[in-house]
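Before any comments, here is the structure.
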Amino acid sequence: MSEQQVFDVPAKVAERALINAAKYEQLYRQSVEDNVGFWREQGRRIDWIKPYTQVKDVDYTGEVRIRWYYDGTLNVAANCIDRHLPKRAGQTAIIWEGDDPSISKHITYQELSDHVGRFGNILRSKGVKKGDRVTIYMPMIPEAAYAMLACARIGAVHSIVFGGFSPDSLAGRIVDCDSRFIITADEGLRGGKKVPLKANVDAALKQCPGVTDVLVVRHTGGAVHMEAGRDHWLHEEAAKVGVDCKPEEMNAEDPLFILYTSGSTGKPKGVLHTTGGYLVYASFTHQYVFDYHEGDIYWCTADVGWVTGHSYIVYGPLANGATTLMFEGVPNYPDASRFWQVCDKHKVNIFYTAPTAIRALMREGEAPVQKCKLDSLRLLGSVGEPINPEAWLWYHRVVGRHRCPIVDTWWQTETGGILISPLPGATKLKPGSATRPLPGVMPEIVDANGKVLDGPCEGNLCIKDSWPGQMRTVYGDHKRFADTYFSTYPGKYFTGDGCRRDEDGYYWITGRVDDVINVSGHRMGTAEVESALVAHPKVAEAAVVGYPHDIKGQGIYAYVTLKSGEQPTEELRKELVQWVRKEIGPIASPDLIQWAPGLPKTRSGKIMRRILRKIAENEFGNLGDTSTLADPNVVNDLVDNRMNK
Ligand code: 6R9
């Protein structure tokens, strides 16, 4: 029923919106008919040192080549800071809200300029040069943004590793991109609990002989080991340098950052984004999707360790001269009304979060929301996974008080910015649908044979042509880039998502169609969890699938076969969960482990995940064809075990 509901654009929202329905249709048409002209114009939203004359050079076939604005030069930090100073030196750039509700601060654009300048000078004084990779492993504190912008300023390529990843995961990412410089903090703080970031770095660096320097922010003041010659305190280094730091002139296609993300096979991929197109796209989407107006207070609750934090806490908002709120804590600390208290405290106008947070808060009832005024809120956003209509309706009614549109923004680490989303002043909303593509974005739904489907349909989501924010390569492995994204449906970018299009041309993302699962909006490759499990000395084999989870969207369901002679005990189950946390990080903890005497395999030895998924989903009547299994009895055993749970 709720899927049938349509919410009109509120008159008040339409009146002040940058883009109304007619303007959207016009822009969209223009973007398809004259794609180069459309993006040529959009490119002017940022400042170029040497303006571009070339807009687009894209070939999705063969080796795959993607270039935008490629004869232009610019600096991202100068765009996010310097160009705003004449008008808004005294305006708040970043509002920082600490984990502890009594701590917050405002950082003006002038202060941001000084911090980033000093930070850039420190990096340069330690020998970091244009093109060098710098790994950032930080809590959600302003220094994380300073570090990103300092890298951008001097032309270094940052690679942020989420603070929840384990030392092993961190080490893998440091080695893959060959960083010799690490930026971290003594400890992080989340929900009153300390995260031993520096100790994790120390552990990771045992596997990273190439690392020469670690810059450490003193945040909690907790005691940490400082390795002489290698480790430096930021505050000590900052006292030795000035604030003037000349921005490096970068080509539009010089790398800006690497961000590791999970795929269906192998190790996480280093998604590479470049300078010009990425910034144009982050600015474009931040302005239009959030209908950003001068003076708005904007809050995205993501972590800078994920792409959402890159594009919609730091680069998009700051490129647009916005005030962006950065939150160190978690939604339920000290209590379940924290998000809403922060909205009231800082008079937040635009609030952007993830469905998993909405579902978790929904469970706490309406009282924690109702006790807050929330009268500053104008627009709500959702990202990271499909939002179920029930959560959408609660968000709209209880948080948005029927007044605030919800932008359900579909995009990926690979896309750099939002591709499919409502525009608040233009698009009628349907709960659970990401609605329509943004101007310049050309989705296609294809069937299993790659045939492009018309009208209402369901299939695999591809994008027909490039947009400036698209990733350019997998760091160090361009062939993997072409194979992963452009070979399944030749000539198209394949997203890995399933999708339905309804009679109004609205897109409904149905979730991943590959072996990637989405746990609380975090992407996990099932293969990564499996290889962590089989690394345990008692495990012979493991298969991991996703299953529906009320709060997380998907939970991690692991089938584990033990080595002969090993006993499946409750203790071992706990040990395996701990083991995976240690190997990858807490976000990869299996929710359910089922002991499997055998796994369903084809005669050629391939694990039939389709069947394991059905069992995990409790859909035993619907296991499909099991006749190609080497040993059909295996399935009966698994079903019996699942049913006995
Ligand atoms: C930005 C981000 C990407 C995957 C993507 C899809 C899922 C993200 C969504 C959504 C439905 C939305 N996803 N937003 N599904 N509706 N609004 O999350 O990037 O971490 O790379 O994840 O997340 O499955 O393919 P990333």
Any idea of the accessible area per residue across the stretch 520-641, 1.4 Å probe, to the nearest Å²?
46
I need the fraction of alpha carbon pairs in the stretch 463-527 separated by more than 17 Å, rounded to a whole percent.
56
Could you work out the Rg to Rh ratio of the stretch 28-102, with Rh taken as the Kirkwood radius (inverse of the mean 1/r over all Cα pairs)?
1.16
On full extension of the chain, what length is gained from Leu85 through Glu503, given 0.36 nm per residue of separation minus the C-alpha to C-alpha distance?
145.7 nm
Note down the relative contact order for the stretch 1-114 as a percent, whole number, built from C-alpha pairs under 8 angstrom at least six residues apart.
15
The stretch 226-257-the stretch 323-392 distance, computed between alpha-carbon centres (Å):
35
Sites Lys373 and His402, calculated FRET efficiency, Cβ-Cβ separation with R0 25 Å, nearest 0.05:
0.95
Residue pairs, from the table Lys194/Lys246; Lys194/Lys574; Lys105/Lys267, whose Cα atoms sit over 29 Å apart
Lys194/Lys246; Lys105/Lys267
Give the total of Lys-Lys pairs in the stretch 340-474 with Cα-Cα distances below 29 Å; include a pair only if its members are 8 or more places apart or on different chains.
13
For His232 and Asp47, what does the FRET efficiency come to when R0 = 45 Å and r is the distance between their Cβ atoms, rounded to the nearest 0.05?
0.85
Two-decimal Rg/Rh of the stretch 1-134 from alpha-carbon positions, Kirkwood Rh?
1.08
With θ set to phi - 60°, apply the Karplus curve 6.51 cos²θ - 1.76 cosθ + 1.60 along the stretch 617-628 and write out the HN-Hα couplings as whole Hz, x wherever there is a Gly or Pro.
7, 6, 9, 6, x, 10, 7, x, 6, 10, 6, 8
Taking Cα atoms only, Rg over Rh for the stretch 520-641 with Rh from the Kirkwood formula is 0.95
Note, ³J(HN,Hα) from phi for the stretch 137-143, Karplus 6.51, -1.76, 1.60, rounded to Hz, x at Gly and Pro
10, 9, x, 7, 10, x, 4
Let me check I have the definition right: for the chain, take the eigenvalues of the Cα gyration tensor, multiply each by 5, take square roots. What are those semi-axes in whole Å, largest first?
36, 31, 26
Which order do you get for Glu187, Glu617 if you rank them by accessible area with a 1.4 Å probe, largest at the top?
Glu617, Glu187
Return the FRET efficiency for the residue pair Glu63, Asp344: r is the Cβ-Cβ distance, R0 is 51 Å, and the value is rounded to the nearest 0.05.
0.45
For the chain, what % of the accessible area comes from carbon and sulfur atoms, probe 1.4 Å?
50
What ³J(HN,Hα) values, in whole Hz, does the Karplus curve 6.51 cos²θ - 1.76 cosθ + 1.60 give for the stretch 82-90 when θ = phi - 60°, with x put for Gly and Pro?
3, 5, 8, 4, x, 9, 9, 4, x
For the chain the mean separation of alpha carbon contacts under 8 Å (6+ apart) over residue count, i.e. relative contact order in percent, is 14
Restricted to the chain, the DSSP antiparallel beta bridge percent, nearest 5, is 60
Lys206 versus Leu453, label points 7 Å from Cα toward the beta carbon: distance in nm?
5.1
Kirkwood calc, the stretch 153-294, C-alpha pairs only, radius in angstrom 17.4
Compactness of the stretch 271-346, expressed as Rg and Dmax over alpha-carbon positions, Å:
13.5, 42
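The values are calculated or read from the model by the stated rules, or taken from the named source; none is laboratory data. If you're wondering where the values come from, they're calculated on a predicted model, not measured in any experiment. Cβ coordinates were reconstructed from backbone atoms using ideal geometry, including for glycine residues, and neighbour counts include every protein chain displayed. Surface areas here come from the heavy atoms of the whole protein model, side chains and all, with no ligands, DNA or RNA. Shrake-Rupley method; radii C 1.70, N 1.55, O 1.52, S 1.80 Å.
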